[in-house]
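A short worksheet on the structure shown next.
The values are calculated or read from the model by the stated rules, or taken from the named source; none is laboratory data. What you are looking at is a predicted structure, and each value in this text was computed from that prediction instead of being measured. Glycine gets a Cβ as well: all are built from the backbone with ideal geometry, and neighbour counts include every protein chain shown. What goes into the accessible areas is simple: the full protein's heavy atoms, side chains included, and nothing from ligands, DNA or RNA. Shrake-Rupley method; radii C 1.70, N 1.55, O 1.52, S 1.80 Å.
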Amino acid sequence: MPLRVGLLTAAHLHVGGYAAACKAHPDVELIGMWDDEPERARNFLEGRGIAFIESFDELIGQVDAVVITSENMRHAELAIKAAEAGKHILCEKPLAATEEHGQMMLDAAEKAGVKLMTAFPCRFSPAFQILKRRVKAGEIGSIKAICATNRGRCPFGWFVKPELSGGGALIDHVVHVTDLLRDLLGEEPIRVQAQIGNNVYGQEWEDTAMLTLEFGSGIFATLDSSWSRPSSYHTWGDVTMNVVGEAGVIEMDMFGQSVQRYAAGSTTHSSNGFGTDLDAAMVNEFVRACLDDRPVSVTGQDGMQAARVAMAGYMSVQSGQPVAVAT
C-alpha cells in the first residue's frame with residue numbers, strides 16, 4: 001500500500017518542492033492540502049492537480065503522514081495534533097523557534113510512537129556526501145576550521161514577522177549548515193557567538209547574521225547566514241563549506257552545478273541549477289522510513305539541536321558574549 005500523505009499549509013516557500021516530490025513518488029498517494037488560509041492554499045494548488053481539503057480533521061482522517069510547511073511558530077501546534085492522531089511527520093526547518101515548542105514536539109512524537117523527521121534536504125546532496133567521505137577518509141588530515149555560508153534573498157512576508165517566524169535571517173538560515181556541520185564532524189557545537197544587523201533593508205528584523213561555532217574538539221566554524229542577495233541576484237543563494245585540515249583544504253559549493261542564462265533585453269542573468277533533486281531524495285527517505293517502519297535518518301532531535309544553535313545565537317547577540325548551546 002502507498003503512504004497516504006497530507007500537506008499542512010502553503011505558507012513556506014519550500015512547499016512546492018515537497019509537493020512535487022510527493023506527487024511524483026511511486027509509493028505516495030498525495031491526498032491533499034489543508035490550510036487555515038484557504039485562499040493561499042487555492043492559489044498554490046491551482047494547476048497542480050492536488051485537492052484542497054476544507055477541514056484539518058478531514059485531512060488527518062485520510063492520511064498516514066503529514067508534511068508541515070506552515071509558519072515556524074505554528075510547527076508545534078500542527079505537529080502535536082498530527083502526532084496525537086498517530087500520523088508520521090516531516091516538518092520544515094527550523095523544527096522550532098523556541099525550546100518549549102521543540103520539546104513539546106519531540107515529546108508528542110515519542111509518546112505517540114510516530115516518526116518525526118526534520119526537513120534538511122541538504123543532507124542528501126551528493127556534493128556534501130562526497131565531502132563527508134573525503135573528510136572521513138582522512139584526505140586532509142584532522143579538521144581545524146570550517147568557513148561556511150548559507151546566503152540568500154530575503155523572502156519577506158511572514159518570514160520578517162518574528163511573531164510568526166521566530167526571528168529573521170538567523171533563524172531561517174543557520175539551521176541548514178549547522179546540521180551539516182554536526183553530521184560532518186560527528187559532534188555538537190558547544191558555544192556560539194553571533195552578530196546580527198539590518199544592513200541590507202534597514203528594518204527592525206535582522207537581514208544579516210554572522211556566527212562562530214566552537215566544538216568540543218577545538219574545531220571552530222564561521223557561518224554567514226544572511227539575506228544578503230538582492231532580488232536581482234542571479235540565483236536564490238548558496239550553501240558552501242570550505243573545510244580546512246592540517247594537510248589541505250576541501251571546498252564545497254553545493255549548488256555550483258548550473259547553467260548561466262542570458263535573456264535578450266535583460267540587464268541581469270539567471271543561474272539554472274541541475275543535478276540531484278534534494279527535495280525528492282529527502283521525501284524518499286521519509287517515505288521509505290514510514291513504509292519500512294525504520295528510523296528516519298534525519299530526526300526531530302537533529303532538527304532541535306540545529307535550532308538550539310540559532311537560539312543560542314540570539315542569546316549571544318543580546319549578551320554580547322559567547323553562549324553555551326543547550327543539549
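See the values below:
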item: Of all residues making up segment 256-305, the number that are within 28 Å of TYR233 (Cα to Cα) and among the aliphatic types (A, V, I, L, M); result: 7
item: Single match in LEU180, LEU170, LEU184 (criterion: in contact with a helix residue (DSSP H, G or I) (Cβ under 7 Å, 6 or more places away or on another chain), free of Cβ contacts under 8 Å to residues at least 60 places away in the same chain and open to solvent by less than 50 Å² (accessible area, probe 1.4 Å)); result: LEU184
item: Test for GLU77: is it open to solvent by 10 Å² or more (accessible area, probe 1.4 Å), outside any loop (DSSP other than H, G, I, E, B) and modelled with pLDDT of 95 or more; result: yes
item: ALA83, sole failed condition from (1) aliphatic (A, V, I, L, M); (2) buried (at least 21 other Cβ atoms within 10 Å of the Cβ); (3) farther than 19 Å from ALA10 by Cβ; (4) within 18 Å of the chain's Cα centre (by Cα); result: (4)
item: Residue within segment 127-146 that is open to solvent by less than 10 Å² (accessible area, probe 1.4 Å) and within 24 Å of GLU285 (Cβ to Cβ) present; result: yes
item: Residue match in segment 87-106 (condition: more than 22 Å from the chain's Cα centre (by Cα) and open to solvent by 60 Å² or more (accessible area, probe 1.4 Å)); result: no
item: Members of segment 208-238 found to be among the polar types (S, T, N, Q), part of a loop (DSSP other than H, G, I, E, B) and surrounded by 14 or more Cβ atoms within 10 Å (Cβ to Cβ), listed by number; result: SER225, SER226, SER228, THR235
item: Output for segment 300-327, where each listed residue is more than 20 Å from PHE215 (Cβ to Cβ) and not in a helix (DSSP H, G or I); result: GLY320
item: From the options GLY320, GLY265, GLY248, residue that is of a type outside the set (A, V, I, L, M) and in contact (Cβ under 8 Å) with a residue 24 or more places away in the chain; result: GLY248
item: All positions within segment 116-126 that are touching a helix residue (DSSP H, G or I) at 6+ places or on another chain (Cβ under 6 Å) and either open to solvent by 30 Å² or more (accessible area, probe 1.4 Å) or over 22 Å from ASP172 (Cβ atoms) (or both); result: PHE124
item: Residue that is at pLDDT 95 or above and within 29 Å of HIS234 (Cβ to Cβ), where the choices are LYS87, LYS115, LYS132; result: LYS132
item: Segment 1-15 - residue that is of a type outside the set (A, V, I, L, M, F, W, C) and within 14 Å of the chain's Cα centre (by Cα) and, of those, surrounded by the most Cβ atoms within 10 Å (Cβ to Cβ); result: HIS12
item: Cross-chain or 6+ apart pairs with Cβ under 9 Å, segment 140-167 first and in contact (Cβ under 8 Å) with a residue 60 or more places away in the chain, then among the basic types (Lys, Arg) and part of a strand (DSSP E or B); result: ARG151/ARG229; GLY152/ARG229; ARG153/ARG229; CYS154/ARG229
item: Strands (runs of 3 or more DSSP E) enclosed by segment 239-299 - at least 2 residues per element that are touching a Leu at 6+ places or on another chain (Cβ under 8 Å); result: 240-245, 248-253
item: Tabulated pairs, segment 192-215, first within 16 Å of GLY157 (Cβ to Cβ), second among the charged types (D, E, K, R) and surrounded by fewer than 18 Cβ atoms within 10 Å (Cβ to Cβ), C-beta under 9 angstrom, 6+ apart or interchain; result: TRP205/LYS161
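The rows are residues; the columns are (1) closer than 23 Å to VAL175 by Cβ; (2) open to solvent by 20 Å² or more (accessible area, probe 1.4 Å).
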{"site": "MET241", "(1), (2)": "yes, no"}
{"site": "ALA247", "(1), (2)": "no, yes"}
{"site": "ASP253", "(1), (2)": "yes, yes"}
{"site": "GLN260", "(1), (2)": "no, yes"}
{"site": "SER297", "(1), (2)": "yes, yes"}
{"site": "ASP302", "(1), (2)": "yes, yes"}
{"site": "ALA307", "(1), (2)": "yes, no"}
{"site": "ALA312", "(1), (2)": "yes, no"}
{"site": "SER319", "(1), (2)": "yes, yes"}
